Amino acid sequence: MLMIVPLNTLRPGERGIVVNILGGFTARQRLVSMGLTPGAVVQIIESHPYGPIIISVGGVRFAIGRGMAAKVMVRKL
Amino acid sequence: MMKVIALAGNPNVGKTTIFNALTGLRQHVGNWPGVTVEKKEGVFEHKGQKFLVVDLPGTYSLTTHSIDELVARDFLLKGSADVVVNVVDATALMRNLFLTMEILEMGLKNVIIALNKIDLAEKRGIQINVKRMEEILGVPVVPLNAREGIGIDELKDKIVQMTRGEIKTSPIIPRYDPEVEREIRHIEDALKGTELARDYNLRWLAVKLLQRDDGVIKLVLRHLGSEKLDEIMRHIGEVEERYRRAMDLIIASQKYEFIDGLMHRFVKYTHEQGETLSDQLDRFLTHPVYGLLALFGVFYLLFKFVFALGLPLQEELDVVFSSFGEWLAPQIANETLRGLVVDGIIAGVGSVLSFFPLVFLLFLALSILEDVGYMARAAVVMERIMRKFGLPGKSFIPLVLAFGCNVPAVMATRTLDDERDRIITMLVNPLIPCSARLSVISFLAGAFFASHQALVALSIYATAVLLALLVAWLLSRFVVRGEESPFIIELPEYLIPSWKTVALHSWERSKEFIKKAGTIILLGSVVIWYLSSYPVQMGTGGSYAERLGALFEPYMKLMGLDWKAAVSLLFGIIAKENVISTYGIIYGSEEAIAGAMTPLQAYVLGMVTTLYVPCIATIGAIRAESNWKWAAFTVVYMIGLASLVGILIWNVGTALGY
């Protein structure tokens, strides 16, 4: 439980395990149904200073808004 | 009796491809009752049995938080389908099986899994033992490569067998930790004595209640009363305390764990998946700078394609209809009838149909981009910019289309999942100058500002675009409130488009445009014909149209224009290019316009024409995609905005001595 950080702080290539999702019910449900659930391994594919981050979850690529990524808490691997 | 087949699945799994492969051209698009979610239905026959296929909206799960999911869920819950075909993407099994588990959890037994993209999965080293998968899930699994049409016949066979009752299924139901299971049992026991036990699968209700599903909470409240419900909710709260996590997250992650456990028994990965070609392309196409450049390039080509091909066709159709009218006119003896048929109906039908090539080509180009997978990338690139104006990146597409024609552009707002985003994008859409307004702007610029033609045209365009963004921002702040939609979008792997899907899709869309916009345009041109022919022909000053114009003259004076502008703008509501041709009728020729106005007046006219009211087809499209209230709102705010800008420019212009 050492390094629990928001997903948006990871750099390209880094991976993390989702431990919790903060934020509203709707946003949470949306993330969860797409596979971004506690226990899932997420890898950052692309991240630029502004705008969405591109991630890989379960072999699928997603673009996720920075604000939303900040609500996904991950344990850095 | 026609048997009903429901197609359910995630977005981007090839559901539409399978739907088309099953039904071919025997399909039609409508709306689900009461909502603006698209409903596709089609029929096919196999082994002497007729089937009605209903394509449910593509969803990742079946919660009640979006209309799409609610529609799909209600359809499945009601037991409306004889067979549910759950389309599953073999390359993203884990996530796809999440929806499968939600479907099976409802207690449905008549489920067939269509395991699509099996060829792609194999290429990526994902080996699926279909036989084992069938045994473990307890329902039939048919592997497919729908793009190539492989597996479609096997799927049809299985559907027939299932409707004949020849397949025994024993669907697997997801299990959770003992603590969660205890809560489920607790709720099930409470519900057992109620009427709900007759209509619903109690375990499903219990799981949904644990997830605090709005619809289910209300349902249970009606049958159990608030006291019992409160007690259940208190229990849930206690479990959440222990897990230190919201119950819906607990359920979801345990469901994924369950799926993971199952998958170990029928999936093998022969090699690690490294960086794919799609990733390499994305590095470029979603880049903040290169991605934006690529986007401009792509849409430049799109417009080139649509207009280079579509405009000549449009002109040709115009000629065909007007010469048909000229041919028909002498054949009708009654003058009133002749006027109605030739100037009213034929002119109206002609203008609707002449739009068809443009609309079709536009939809064709868009469908190709969508099918290739590029649209999701365009949304990512534009997200950075559009969000500043309160809009999601995806709304960029309908706005760009508007430069061509606002009607398909308004229809394209459907691709936005969020209601609030959809309405805002629709309402600001008519501010973007379409190609009809381009003809007015370029005529005025050419006639009055020969030396600064491009600059003048550009200034009108820039003003319109800036106002569209400003209005979007204002609307998102003050009028169409609601939570800003969370941005998460799947980036499907780039694929060569399936031509059948693309062609069918664009055909259906353009047909719909003709049907929806057609009636209103027709009606409008009959009204115009009447106003300009009674009680006397226009040009004499005594027609209803001209009298109406005179009525508006005092208002028009505020922006330096006269009754002639009022009449022209009135007719421009039918189609914006009418503004110039109406002037032409009043003055006797279009060339005469140049001597009748000052450059400043012409500039105001160009600006007002661009901003004032959407053409009648666009109003019709907005009404069809939302309701009369929003259509009326658009008309009102645009008149206000156009007047404001017109008055401002006129007064500033005269003060500066132009």
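Being surrounded by fewer than 16 Cβ atoms within 10 Å (Cβ to Cβ) and either away from chain A (no Cβ under 14 Å) or out of contact with any Lys or Arg (no Cβ under 7 Å at 6 or more places or on another chain) (or both) holds for only one residue in B:524, B:542, B:572, and it is B:542. Kindly check whether there is at least one residue in the stretch B:489-500 that is within 14 Å of chain A (Cβ to nearest Cβ), among the aliphatic types (A, V, I, L, M), over 22 Å from residue B:31 (Cβ atoms) and out of contact with any Lys or Arg (no Cβ under 6 Å at 6 or more places or on another chain). Yes, the conditions are met somewhere in the stretch B:489-500. So is residue A:49 within 19 Å of residue B:392 (Cα to Cα) and surrounded by fewer than 23 Cβ atoms within 10 Å (Cβ to Cβ) or not? Here the answer is yes, as residue A:49 does meet what is asked.
Of all residues in the stretch B:457-492, which are among the β-branched types (Val, Ile, Thr) and modelled with pLDDT of 90 or more? Step through it out loud before you land on a result.
The initial filter retains those residues of the stretch B:457-492 that are among the β-branched types (Val, Ile, Thr), namely B:460, B:463, B:465, B:471, B:479-480, B:488-489.
B:460, B:463, B:465, B:471, listed by residue number.
Scan the stretch B:619-640 for residues that are part of a helix (DSSP H, G or I) and either more than 18 Å from residue B:414 (Cβ to Cβ) or under 15 Å from the mean Cα position of the chain (by Cα) (or both) and the total you get is 15. Where strands (runs of 3 or more DSSP E) sit wholly within the stretch B:28-101, those with at least 2 residues that are in contact with a His (Cβ under 9 Å, 6 or more places away or on another chain) and crowded, with 17+ Cβ neighbours inside 10 Å occupy B:38-46.
If you check residue B:158 against the conditions, is it within 18 Å of residue B:3 (Cα to Cα), of a type in the set (D, E, K, R), out of contact with any His (no Cβ under 8 Å at 6 or more places or on another chain) and outside any helix (DSSP H, G or I)? I'd like the intermediate steps shown before the answer.
Numbers: within 18 Å of residue B:3 (Cα to Cα): yes; of a type in the set (D, E, K, R): yes; out of contact with any His (no Cβ under 8 Å at 6 or more places or on another chain): yes; outside any helix (DSSP H, G or I): no.
Considered against the rule, which asks whether it is within 18 Å of residue B:3 (Cα to Cα), of a type in the set (D, E, K, R), out of contact with any His (no Cβ under 8 Å at 6 or more places or on another chain) and outside any helix (DSSP H, G or I), residue B:158 comes out as no.
So is residue B:341 aliphatic (A, V, I, L, M), more than 18 Å from residue B:296 (Cβ to Cβ) and buried (at least 20 other Cβ atoms within 10 Å of the Cβ) or not? The answer is no for residue B:341.
Residues that are assigned to a loop (DSSP other than H, G, I, E, B) and under 16 Å from residue A:23 (Cβ atoms) within the stretch A:42-77 comprise A:65, A:70, A:71, listed in sequence order. Residue count for the stretch B:448-458 under the criterion of being free of Cβ contacts under 8 Å to residues at least 60 places away in the same chain and outside any helix (DSSP H, G or I): the result is 0.
Residues in the stretch B:429-447 that are in a helix (DSSP H, G or I) and either not aliphatic (A, V, I, L, M) or not assigned by TED's automatic domain parsing to the domain that holds residue B:395 (or both): B:429, B:430, B:435, B:437, B:439, B:442, B:443, B:446.
Condition check ((1) surrounded by fewer than 18 Cβ atoms within 10 Å (Cβ to Cβ); (2) closer than 30 Å to residue A:28 by Cβ; (3) not assigned by TED's automatic domain parsing to the domain that holds residue B:61) across all residues:
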position	(1), (2), (3)
B:235	yes, yes, yes
B:241	yes, yes, yes
B:246	no, yes, yes
B:250	no, yes, yes
B:261	yes, yes, yes
B:294	no, no, yes
B:299	no, no, yes
B:310	no, no, yes
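A single member of A:13, A:39 is without any contact (Cβ under 8 Å) to a residue 60 or more places away in the chain, part of a loop (DSSP other than H, G, I, E, B), surrounded by fewer than 22 Cβ atoms within 10 Å (Cβ to Cβ) and within 9 Å of chain B (Cβ to nearest Cβ), and it is A:39.
Can you find a residue that is away from every other protein chain (no Cβ under 14 Å) and either of a type in the set (A, V, I, L, M) or over 30 Å from residue B:268 (Cβ atoms) (or both) anywhere in the stretch B:88-95? The answer is no, given that none of the residues of the stretch B:88-95 is away from every other protein chain (no Cβ under 14 Å) and either of a type in the set (A, V, I, L, M) or over 30 Å from residue B:268 (Cβ atoms) (or both).
Hey, among B:422, B:377, which residue is assigned by TED's automatic domain parsing to the domain that holds residue B:478, under 19 Å from residue B:492 (Cα atoms), buried (at least 20 other Cβ atoms within 10 Å of the Cβ) and among the charged types (D, E, K, R)?
Details: B:422 fails: under 19 Å from residue B:492 (Cα atoms).
Only one candidate qualifies: B:377.
Among the residues of the stretch A:16-36, the one identified as touching a residue at least 24 places away in the same chain (Cβ under 8 Å), facing chain B (nearest Cβ under 7 Å) and β-branched (Val, Ile, Thr) is A:21.
So that you can scan it fast, the table gives a plain yes or no per residue for (1) surrounded by fewer than 19 Cβ atoms within 10 Å (Cβ to Cβ); (2) in contact (Cβ under 8 Å) with a residue 60 or more places away in the chain; (3) in contact with a Lys or Arg (Cβ under 9 Å, 6 or more places away or on another chain):
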residue: B:150; (1), (2), (3): yes, no, no
residue: B:161; (1), (2), (3): yes, no, no
residue: B:167; (1), (2), (3): yes, no, yes
residue: B:174; (1), (2), (3): no, yes, yes
residue: B:184; (1), (2), (3): no, no, yes
residue: B:197; (1), (2), (3): yes, no, no
residue: B:225; (1), (2), (3): yes, no, no
residue: B:238; (1), (2), (3): yes, no, no
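You will find that of B:317, B:328, B:340, B:364, the residue that is within 27 Å of residue B:425 (Cβ to Cβ) and assigned by TED's automatic domain parsing to the domain that holds residue B:299 is B:364 and no other. Out of B:291, B:237, which single residue is closer than 23 Å to residue B:188 by Cα and out of contact with any Gly (no Cβ under 8 Å at 6 or more places or on another chain)? Exactly one of B:291, B:237 is closer than 23 Å to residue B:188 by Cα and out of contact with any Gly (no Cβ under 8 Å at 6 or more places or on another chain), namely B:237. Would you mind stating whether residue B:400 is crowded, with 24+ Cβ neighbours inside 10 Å, at negative phi and either out of contact with any Ser or Thr (no Cβ under 6 Å at 6 or more places or on another chain) or modelled with pLDDT of 90 or more (or both)? When the stated conditions are applied, residue B:400 does not pass them.
The values are calculated or read from the model by the stated rules, or taken from the named source; none is laboratory data. What you are looking at is a predicted structure, and each value in this text was computed from that prediction instead of being measured. Here the Cβ is made from the backbone with ideal geometry for all residues, glycine too, and neighbour counts use every protein chain on show.
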